[in-house]
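Worksheet for the structure shown next.
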Amino acid sequence: MTYVENIFFVFWPPVSVVMAALLLAWVAKWTAQRSQQGTSGMLYQLANWLIASFAIITIIVLLPLSDDTQGQVLSLLGVVLTAVIALSATTFVANMIAGIMLQASQPFRPGDYIRVNDQFGRVTRRSLVHTQIQTEWRDLTNLPNLILVNNPLTVLHREGTIIFAEISIGYDVTYLRVEELLLVAGKEAKLTEPFVLVHELLDHAVVYRICGFLPEMKNLLSSRSNLRKKVLEQMHGNGVEIVSPSFMNQRALDPTKKVIPGKPVLHDSDKPREDTTAPVEKIFDKAEEAASIEELKQKQDEMRQALKQQRAELKTASDETRSAIQGKIDRLEKQEAWYANLVEQQTKRD
């Protein structure tokens, strides 16, 4: 056997393992790009870790080493991996396991509003060790996945949520009057089925909550602000003071004088009142892009499922119905390709 053949037989197995690992990595990337989460998904990152680990261990096993040397190398590798896991168990590994738990349970997806502790924002992306949200100040915050698992996590429903505003009114105003005005404010704020709760009875005032269903989540911040504006309009416009009796007794003013604007907004007919809208597209731009990509991928999956169903029907269809089914398949293929092109363009732009 020649020297070249010896070299070939020695290095061919490890080279084959490297080529197989690269092929598996390419397949994983190709599959991830056609999934809902793309290459930023946690499963794709975990698959890359597993492929790399499998390749390293296999190469060590296939190298032309003696049994003792091979055992020593594998033992050293095990010690190193054990030390790494032990040193980072409270951080990286813990966050990675938490990321796998989040991937399995799917409590939220890109574009959703979430609240954990004092952090609130819209999800832009998820990874194996952290989740990125965009706050109402347009900043990007990375939350370790362990925080999301160990703390109560609130996910605002995509199909709408209940918003509320609190207000404290003195005991000199009946709750029936306050409830009447707050319901008007809720309706003017365009809330669905508004209702009022007597939230708390304090020593100096009653705390009320005006609540209502908000079907459109896109303008969440503006809707909360507009609800508070409507509450101010109704209270001041109808002579109801939003301060506690203790404040009234301590101020150096005429006790009969109300602490409200001289001309309430409700009675200011010279200036038309319009609901203001916060620049949501600017505040949550990254989250909007993530949500858009997520929705496009869902549509693409729906097209693929419909194609799969139509192709299955085509195999058992009669000659009379084959042409109609084939026409549906052609249309679905065009739609699926259109969605795939949009997803690719959005992903590149992101």
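Overview of values
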| item | result |
| --- | --- |
| Residue 317-residue 50 FRET efficiency (beta carbon distance; Förster radius 30 Å; 0.05 resolution) | 0.10 |
| Extension gain from residue 135 to residue 73, taking 0.36 nm per residue of separation minus the Cα-Cα distance | 17.5 nm |
| Pairs beyond 23 Å (Cα-Cα), from 218/299; 187/257; 187/258; 29/315 | 187/257; 187/258; 29/315 |
| Fully extended contour minus Cα-Cα distance, from residue 213 to residue 174, at 0.36 nm per residue | 11.5 nm |
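Values quoted throughout were computed directly from the atomic coordinates according to the rules given, and no laboratory measurement underlies them. Owing to the predicted nature of the structure, the values given are computational and were not obtained by experimental measurement. Methodologically, a virtual Cβ is constructed for each residue, glycine included, from the backbone with ideal geometry; neighbour enumeration extends over all protein chains shown.
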